[in-house]
1. Go through GLY158, ALA171, VAL101 and say which Cα lies farthest out towards the positive end of the charge dipole of region 38-174; charges sit on Cβ, +1 for Lys and Arg, -1 for Asp and Glu.
2. Expected output is a single nm value to one decimal: the length gained when fully extending between VAL16 and LYS48, i.e. 0.36 nm times separation in residues minus the C-alpha distance. What is it?
3. Tell me the mean residue ellipticity at 222 nm calculated for the chain from its helices only (DSSP H runs of n ≥ 4, each -39500 (n - 2.57), averaged over every residue, nearest 500).
4. With a Förster radius of 22 Å, plug the Cβ-Cβ distance of VAL56 and LEU156 into 1/(1 + (r/R0)^6) and report the FRET value to the nearest 0.05.
5. Once all Cα-Cα distances of the chain are split into 10 Å bins that start at 0, what whole-number percent is in each one?
6. Who wins for biggest fluctuation among ALA88, ALA64, ALA78 in a Gaussian network model of the chain, springs between alpha carbons below 10 Å?
7. Which helices, counted as full DSSP H runs in the chain, have an axial Cα extent of no less than 20 Å and a Kyte-Doolittle average of -1.0 or above?
8. Want the number for TYR141 to ARG94: 0.36 nm per residue separation, take away the alpha-carbon distance, what's left?
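The values are calculated or read from the model by the stated rules, or taken from the named source; none is laboratory data. Because the structure is a prediction, the values reported are computed rather than measured. Positions of Cβ are backbone-derived with ideal geometry, glycine not excepted, and every protein chain shown enters the neighbour counts. The area values use the complete protein model at the heavy-atom level, side chains included, leaving out ligands, DNA and RNA. Shrake-Rupley method; radii C 1.70, N 1.55, O 1.52, S 1.80 Å.
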Amino acid sequence: MAESAFDTAILILRVVLGLTMAAHGYNKFFGGGRIPGTAGWFDSIGMKPGMFHARVAATTEIAAGLGLAVGLLTPIPAAGFVALMLVAAWTVHRANGFFIVKEGWEYNLILAVAAIAIAGTGAGRFSLDHLLFSGTGFYDYLYGWWGLAIAVVLGLAGGIGQLAIFYRPPAKTG
């Protein structure tokens, strides 16, 4: 009984978290300013070239979001969350402090840590990981310490690497 509740709870968390992230990517592609508007915004915050980052961010948000939602290779989409949220927190929200009500990095932290937690617990029985890999040695790399390590190390490497290579803070005016 407890196992069923655990699997259902992880499913709910994965689906809500994943679809939330995927919606952000969808909005970058098809919302208000679409990719050109998103590209201009990326240029304005110092992530250059903006068009490249608009496409990468939108694609990663959709892929990581849907991957987490269905529980496919769960630590990999969780790493995508970490990288995305690290870059967003550093480039957009860092100067605003912690709290989201002041456009701080609180929300970024919650999304990244929730994805890491899912990578550690595993996607549960109601996932493609379980359906495709349960009973194989590979399955052991999709949760527990391996899942945590993959999500954190790949996510930090991706986010820090992107910032180091591409981020050029805009000049302060005034």
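1. ALA171
2. Values: separation 32, 0.36 × 32 = 11.52 nm, distance 3.09 nm.
Difference between extended and current length: 8.4 nm.
3. Numbers: 7 runs with 121 residues, N = 174.
Value at 222 nm, helices only, nearest 500: -23500 deg cm²/dmol.
4. On the way: r = 17 Å, r/R0 = 0.78.
With R0 = 22 Å, the Cβ-Cβ based efficiency is 0.80.
5. Percent of pairs per bin, in order: 11, 36, 34, 15, 4, 1, 0.
6. The residue with the greatest mean-square fluctuation here is ALA88.
7. Working: long enough: 2-30 (41 Å, 0.88); 50-70 (30 Å, 1.06); 106-121 (22 Å, 1.56); 144-166 (33 Å, 1.71).
Passing helices, by number: 2-30, 50-70, 106-121, 144-166.
8. Values: separation 47, 0.36 × 47 = 16.92 nm, distance 3.29 nm.
Result for the pair: 13.6 nm of gain on full extension.
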